[in-house]
Amino acid sequence: KMASREFHPEPTIIEVGNVRIGAGTPVIMAGPCAVESREQILQTAHAVKAAGATCLRGGAFKPRSSPYSFQGLKEEGLKLLAEARKETGLAIVTEVMDPVNLPMVAEYADILQIGARNMQNFHLLKEVGKTGKPVMLKRGIAATIEEWLMSAEYILSEGNPNVMLCERGIRTFEKYTRNTMDLNAIPVIKHLSHLPVIADPSHGTGVARYVPAMSKASIAAGADGLILEVHPNPAKAMSDGPQSLTLEQFDQLMKELGNR
Ligand code: PEP
Ligand code: MN
């Protein structure tokens, strides 16, 4: 299989501008769950950049559990992300939810995020495979590591080698956290595959209070990077406020991680 260590013994390094993912130094991606306004995304972008992030996350197309919840700013959100990139130099990671919007999202994004709910949307995986752009493939809500790696194969086998895997927690019986972050998956993937692994402690825990500890644990386990939800006012966030760090909490975590 193309994702396996046997096929490709050396670790894959994905280059996004001057950001190198999988090259040894953990890459920090940070930003709000959703792009909400110009002020919100620009303020967050400047703050996470100053704190040591090199990539800006922000959803313009949001896969919400309820159709009545905020669905994202769509192309307007993508334009705001591009503006934030222009101002800060941060690389943009944003979700593409369906093949129809792929050409538009690919025009603005540096890294295409495939969300957990789409991990087995095989048509979408093949289409992002054809773009050749860096892809961050999130683990499905109830996916085994084997299923997750097979989804990566769909992208790789279309000729796109720039795939990173993102552990974002899986569904278990536990209720104190939103998901159960599978730290085991990090060393397992590093053993089985040459692809970089990114950890998402924000979705992995669902609780801002637990994000710093799980961020440190992820790096200790061998993650090639972190993706963290950060919001200037989590209490007012339009999505995922309870798991979002404030700008100050993010800055503090970066200091503790030695990233600045
Ligand atoms: C997100 O990154 O905001 C998101 C929706 O993640 P996931 O697909 O892992 O739930
Ligand atoms: Mn989110």
Where Rh is the Kirkwood radius over the Cα pairs of the chain, the temperature 4 °C and the viscosity 1.567 mPa s, what D in µm²/s does Stokes-Einstein return? 73
Label points 7 Å out from Cα along the Cβ direction at K79 and I13: separation in nm? 3.8
Sort D224, D98 so that the residue with the fewest other Cβ atoms within 10 Å of its own Cβ comes first and the one with the most comes last. D98, D224
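Counting only other residues whose beta carbon sits under 11 Å from that of S215, what net charge do I get with K and R as +1, D and E as -1?
After counting each charged neighbour, the total is -1.
Please arrange K255, K49, K175, K1 by how many other C-beta atoms lie within 10 Å of their C-beta, fewest to most. Walk me through the intermediate numbers first.
Working: K255 12, K49 18, K175 6, K1 15.
Going from sparsest to densest Cβ surroundings: K175, K255, K1, K49.
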Any idea how far apart K126 and T180 come out in nm if each label point goes 7 Å out from Cα toward Cβ? 3.5
Order of V128, V27, V188 - criterion: other Cβ atoms within 10 Å of each residue's Cβ, fewest first: V188, V27, V128
Determine the sum of side-chain charges near E158: Lys and Arg each +1, Asp and Glu each -1, restricted to other residues whose C-beta is under 9 angstrom from that of E158. +1
Per-bin percent of Cα-Cα distances, the stretch 1-136 [5 Å]: 2, 10, 19, 21, 20, 15, 8, 4, 1, 0
Would you mind calculating the relative contact order of the chain from Cα pairs under 8 angstrom and at least 6 residues apart, reporting the percent as a whole number? 21
Residue-span extension gain [S157 to K86] - 0.36 nm each, minus C-alpha spacing: 22.3 nm
Return the subset of K62/K86; K79/K255; K190/K255; K216/K236; K86/K133; K49/K130 for which the Cα-Cα distance in this structure is over 21 Å, preserving the input order. K62/K86; K79/K255; K190/K255; K216/K236; K49/K130
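None of the figures in this text is laboratory data; all of them are computed from the coordinates on show. Computed from a predicted structure; not experimentally measured. Because the Cβ atoms are built from the backbone with ideal geometry, glycine has one as well, and the counts that use them run over all protein chains shown.
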